[in-house]
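For reference, the structure discussed in these notes is given below.
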Amino acid sequence: DPLQMYLADIYTISVNLAGLPGLAVPAGRSRAGLPIGMQLIGPVFSEETLLRAARMYEKASGVARLTPALPA
């Protein structure tokens, strides 16, 4: 649905336009088994902090074990 795709872009493109670092981290699965993601956004030049926060979240939540590894 083109309208749904447009609305989804509204929530993600603002970070790119502002020049801020951001990343998405797996945050589990819904009751239906669909993946849920969490988006982290930081101030300019905070890439290292964001990566550390994402890794700490993955370790603390155990969500990394729920996500299958990509084939090599």
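So in the range 21-41, with the set limited to residues that are assigned to a loop (DSSP other than H, G, I, E, B) and of a type in the set (Gly, Ala, Ser), which one is most open to solvent (accessible area, probe 1.4 Å)?
Going through the qualifying residues, I end up with 32.
Being in contact (Cβ under 8 Å) with a residue 12 or more places away in the chain and on the phi > 0 side of the Ramachandran plot is the filter here, so list the residues in the range 18-38 that pass it.
Listed by number, the residues that qualify are 19, 28.
Among what's in the range 60-72 and is outside any loop (DSSP other than H, G, I, E, B) and within 15 Å of the chain's Cα centre (by Cα), pick the residue that is modelled with the lowest pLDDT.
Just the residues of the range 60-72 that are outside any loop (DSSP other than H, G, I, E, B), to begin with: 60-61, 63-65.
Add one more test, that the residue is within 15 Å of the chain's Cα centre (by Cα), and what stays is 61, 63-64.
Numbers: 61: 88, 63: 76, 64: 65.
Of everything passing the filter in the range 60-72, 64 is modelled with the lowest pLDDT.
With 57, 6 as the choices, which residue is of a type outside the set (Asp, Glu), at pLDDT 90 or above and either assigned to a helix (DSSP H, G or I) or loosely packed, with under 11 Cβ neighbours inside 10 Å (or both)?
Within the list 57, 6, the selection yields 57.
The values are calculated or read from the model by the stated rules, or taken from the named source; none is laboratory data. Only a predicted model underlies this, so the values are computations on that prediction, with no experimental measurement involved. Every residue, glycine as well, gets a Cβ built from its backbone with ideal geometry; the counts of neighbours run over all protein chains shown. Note: areas computed on protein heavy atoms with side chains; ligands, DNA, RNA excluded. Shrake-Rupley method; radii C 1.70, N 1.55, O 1.52, S 1.80 Å.
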